[in-house]
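I have placed the structure first, in the form of structure tokens, so that the comments after it can refer back to it.
The values are calculated or read from the model by the stated rules, or taken from the named source; none is laboratory data. Every value quoted in this text rests on a predicted model; they were computed, and no experiment measured them. In this analysis, Cβ positions are derived from the backbone assuming ideal geometry, glycine residues included, and neighbour counts consider all displayed protein chains.
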Amino acid sequence: MEKLYSFAGEPIPWYDSSPVCGFCLALMALVFLFGAAGVKVGWEMQEFHRDVWVPGVLMVLAASVMLSLVIRLVQRRASRKGSVL
């Protein structure tokens with residue numbers, strides 16, 4: 001597709017903008033803390049020991065999303081400053 005405007009850079013979709021990534025990062029931090037609370041409650045109550053894996057998986061998934069978002073934001077900031085990671 002031919003570029004219409006020479007002054008316009010590559011557009012970033014709204015869902016991949018820095019504010020949205022920051023919001024998702026904060027949301028995933030809350031999900032991670034929710035999972036940590038679930039693990040704590042699961043280990044405190046004998047009848048929930050077999051179900052501790054559920055909040056554990058939730059924590060791992062939230063941590064992986066947070067890591068992905070942090071890497072994306074750091075790379076974006078580094079490319080704006082002209083340095084390469």
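For segment 40-73, taking the residues that are surrounded by fewer than 13 Cβ atoms within 10 Å (Cβ to Cβ) and of a type in the set (Phe, Trp, Tyr), the one that is nearest to residue 24 (Cα to Cα) is identified as 53.
Residue 40 meets the conditions (1) outside any helix (DSSP H, G or I); (2) of a type in the set (D, E, K, R); (3) at pLDDT 90 or above in every case but one. The failed one is (1).
Of the residues 80, 76, 50, which single one is touching a helix residue (DSSP H, G or I) at 6+ places or on another chain (Cβ under 8 Å) and among the basic types (Lys, Arg)? Answer to the check: 76.
State yes or no: is residue 65 β-branched (Val, Ile, Thr) and over 10 Å from the mean Cα position of the chain (by Cα)? Against the criterion (β-branched (Val, Ile, Thr) and over 10 Å from the mean Cα position of the chain (by Cα)), residue 65 does not qualify.
Residues in segment 1-37 that are closer than 20 Å to residue 67 by Cβ and modelled with pLDDT under 80: 15 alone. Of all residues in segment 13-37, those being closer than 13 Å to residue 73 by Cα and either of a type in the set (Lys, Arg) or part of a loop (DSSP other than H, G, I, E, B) (or both) number 1.
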